[in-house]
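Student: Take this structure first; my questions come after.
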Amino acid sequence: MSRTRVPLAALSLASVSALLLAGCSQSTDASKNTGDTAASASAATGKNPAPFSKGTVKVALVRQSGAGDYFEQWGNGAKAQAKALGIDLTVYDAQADNAKEATDLSSAINSGAKAIIIDHGFPATIKSEIDQAVKKGIKVVVYDVDTTNASVVRTSQDDASIARAALDVMAKTVGKNAKVGYVNVAGYAALDARDKVWKQTVAANGWKQQFKVGKVTDSTATDNVPLVSAALTQHSDVTGVFAPYDELAKGTVLAVQNKKLQSKVKVFGADVSNADIQAITAADSPWIGTAGTDPSAVGAAVVRTTALELAGQLNKTSVQFPAVAITQDFLRSKKIENMDQLRAALPALNLSRVSTADWIPNVAH
């Protein structure tokens, strides 16, 4: 279990060797010059309802993995919002070990937490623990986890819209009947939702999928480089590759650069973070389109959703966070180098009106 994690180093794709060094660990220090300022909270005006009126509220955050720039920022937003609400937040990070996540969830159930937030995970691995938590009267809020338990609050990015936005850019770039590649992993709710849109888009455009590879590890970007490189060796005639998770996209970009195909093969990803912005805008980067939400804002919104559920004020069982499309041309034309600048240029990333109330101090990002 880890109560805190250090942000991922900002990864630049200006050179292949630099990213390979950074990619050896998805969780390294980026506390300096990240361009992602610490969140500040606006003052609440309303009176705290129970259980917040009685003092500190204990909440557990159980994560399938907190590694990678996107998830580091997600976690930072969650921690900032928890602090603003007076929540005692204990964070468990399974580091992509599914069996450990189930063990962590069991520990959280027995920790005295009033609510548990579950960030990603395989349903088959954690279903029984989710059911156990609900039976014990613990409020359960999941983020990008498929569950059949009707008492669980589901939160997620609008993953179908993320895929559509990124693939619209891809379709305009590669055209009809193109040879394409695909880097994805089955079993994750978000990636499965994006996969459905991918299949529809391939059929609609007459694309010829030449390969599918991919895996999620605690060093996803680095570990996918040899997989994609091998695929590109056999299928160097593809003109576009869709990698619908930013760590997969980073590994794909490295592989394309390793094969010196960046002028021919374009990469289309999903999600956005400081490291992603640097990767997309770097000289000769083949990554020309992505779509996503502000990870810090999403993490904060999930905690606010949990607070409302604890207070009996949520009155819904599902909350989705809308996404926006982001292109290389847009980032370069606006001279955007980090998330702070992107937030200023794209107000649609602001989720401050999602899952809020007058008693909730809203974290600004």
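Student: For the chain, with a Gaussian network of springs between Cα atoms less than 10 Å apart, report the residue from Gln132, Gln257, Gln64 with the top mean-square fluctuation.
Tutor: Result: Gln132 has the largest fluctuation of those listed.
Student: If we count every other residue with Cβ under 12 angstrom of Asn48's Cβ, Lys/Arg +1 and Asp/Glu -1, where does the sum land?
Tutor: +1
Student: Oh, and also: Enumerate the calculated ³J(HN,Hα) couplings along the stretch 206-211 in order (Karplus 6.51 cos²θ - 1.76 cosθ + 1.60, θ = phi - 60°), each rounded to whole Hz, writing x wherever the residue is Gly or Pro.
Tutor: x, 6, 10, 6, 8, 7
Student: Assuming 0.36 nm per residue, please report the length gained on full extension of the stretch Lys260 to Lys136 beyond their Cα-Cα distance.
Tutor: 39.0 nm
Student: If you take the Cα Rg of the stretch 212-365 and divide it by 2.2 N^0.38 Å, with N the number of residues, what do you get?
Tutor: 1.22
Student: If packing is taken as the mean number of other Cβ atoms within 10 Å per residue, what is the order of 102-111, 216-225, highest first? Each step should come with its number before you reach the end.
Tutor: Details: 102-111: 19.2, 216-225: 21.6.
Highest-to-lowest ranking by the protection proxy: 216-225, 102-111.
Student: Sort out for me the Cα centre separation of the stretch 153-186 from the stretch 323-365, rounded to whole Å.
Tutor: What the calculation gives is 21 Å, centre to centre.
Student: Moving to a separate point now. Let me check I've understood the local charge: for Ile87, count other residues with C-beta under 11 angstrom from its C-beta, Lys and Arg +1, Asp and Glu -1. What total comes out?
Tutor: Summing Lys/Arg as +1 and Asp/Glu as -1 gives +4.
Student: If you filter the stretch 71-137 for trypsin sites (Lys or Arg not before Pro), then keep DSSP loop positions with at most 14 other Cβ within 10 Å, what is left? Present the calculation step by step, with values, prior to reporting the outcome.
Tutor: Details: sites: Lys79, Lys83, Lys100, Lys114, Lys127, Lys135, Lys136; in loops: Lys114, Lys136.
Hits after loop and neighbour filter: Lys136.
Student: Dividing the alpha-carbon radius of gyration of the chain by 2.2 N^0.38 Å (N being the number of residues), what value is obtained? Each step should come with its number before you reach the end.
Tutor: Numbers: Rg = 20.0 Å, N = 365, 2.2 N^0.38 = 20.7 Å.
The chain yields a ratio of 0.97.
Student: Related question: Check which residues have an amide H placed less than 5 Å from Phe321's amide H, if you skip close sequence neighbours.
Tutor: Counting only residues 5 or more places away or on other chains, the set is Ser156, Gln157, Asp158.
Student: Working out 0.36 nm times the residue gap between Asp329 and Thr45, then minus their Cα-Cα distance, what length gain in nm do you get to one decimal?
Tutor: Details: separation 284, 0.36 × 284 = 102.24 nm, distance 4.17 nm.
Full extension from Asp329 to Thr45 adds 98.1 nm.
Student: How much of the accessible area of the chain, in percent, comes from carbon and sulfur atoms when a 1.4 Å probe is used? Don't skip to the answer; put the middle values down first.
Tutor: Numbers: 7170 of 14240 Å².
Roughly 50 percent of what the probe reaches on the chain is carbon or sulfur.
Student: A follow-up question, please. Enter the accessible area per residue of the chain (Å², integer; probe 1.4 Å; all protein chains in place).
Tutor: Ligands and nucleic acids excluded, the figure is 39 Å² per residue.
Student: Further question: With both bridge residues required to lie in the stretch 114-228, what share of the DSSP beta bridges run antiparallel, to the nearest 5%? Display every interim value, and only then the final one.
Tutor: Details: 0 of 13 bridges.
Restricted to the stretch 114-228, the bridges split so that about 0 percent are antiparallel.
Student: Say the cut-off is 22 Å between C-alpha atoms; which of Lys135/Lys196; Lys83/Lys114; Lys176/Lys212; Lys79/Lys334 go over it?
Tutor: Values: Lys135/Lys196 33 Å; Lys83/Lys114 16 Å; Lys176/Lys212 19 Å; Lys79/Lys334 30 Å.
Pairs exceeding 22 Å: Lys135/Lys196; Lys79/Lys334.
The values are calculated or read from the model by the stated rules, or taken from the named source; none is laboratory data. A quick note: this is a predicted structure, and the numbers were derived from the prediction, not measured. Every residue, glycine as well, gets a Cβ built from its backbone with ideal geometry; the counts of neighbours run over all protein chains shown. With ligands, DNA and RNA removed, areas are computed over all heavy atoms of the protein, side chains included. Shrake-Rupley method; radii C 1.70, N 1.55, O 1.52, S 1.80 Å.
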